[in-house]
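Q: The structure under discussion is supplied below as structure tokens; questions concerning it will follow.
FYI, it's all coordinate maths here, none of it is from the lab. All figures in this text were calculated on a predicted structure; none of them were measured in a lab. Virtual Cβ from ideal backbone geometry, glycine too; neighbours counted across all protein chains shown.
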Amino acid sequence: MERSSEEVTPSEAAVLITPRADPIRGDDRNGNRNPISTASSSRAEWPTIDGPLGLSEQDSVGYARKFFGFGFILLPMLWAVNCYYFWPVLRNSRSFPRIRPYVVGSAIGVTIFSAMLASWALTFTIGGERLFGHTWDELNYKLGLAYVANKVSN
């Protein structure tokens, strides 16, 4: 079904005449496929997950640095937030070289902290009294409170 030139409005004619680039497919302005350009490189123009609504690159460097630094002050959850918020930077290795070291450091930090927390929890869960012997009563939270209450009442 073809349209005649009388049926096309001026705005439609401008759209039909002017080729548009498709950054998702990697096309240039003339509609030619660019094999070097990929979808991931076109999406990495914003450092944060909320795209154009997020921070500028200059502000992002400051926030990434603060999240990374405060993660060392026993707040490793900030490392996880840093990895989540700056996911486009973490995902694309060539984007935003000023932000990337802080985000990669946060990813390493949250991985190490998670492994330590999991091993600590599994040690107490699986080992229990067999692993710690008589000191288990003092280490265990519920029995520890009962132990303290017994000492106070006697």
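Q: If you filter the stretch 74-120 for trypsin sites (Lys or Arg not before Pro), then keep DSSP loop positions with at most 12 other Cβ within 10 Å, what is left?
A: 94
Q: I would also like to ask the following. Once amide H atoms are built 1.01 Å from N in the peptide plane, which residues 5 or more positions from residue 92, or in another chain, come under 5 Å H to H?
A: Amide H neighbours of residue 92, under 5 Å, 5+ apart: none.
Q: Further question on the same structure: Please turn the phi angles of the stretch 91-101 into ³J(HN,Hα) values with the Karplus equation 6.51 cos²θ - 1.76 cosθ + 1.60 (θ = phi - 60°), one per residue in order, whole Hz, x for glycine and proline.
A: 6, 9, 6, 9, 9, 6, x, 7, 8, 3, x
Q: Return the equivalent ellipsoid semi-axes of the stretch 69-120 as a descending list in whole Å, where each equals the square root of 5 times an eigenvalue of the C-alpha gyration tensor.
A: Each semi-axis is √(5λ); the values are 21, 11, 8 Å.
Q: Among 119-129, 73-83, what's the highest-first ranking by average C-beta atoms within 10 angstrom per residue?
A: Taking the mean over residues of other Cβ atoms within 10 Å, the ranking is 73-83, 119-129.
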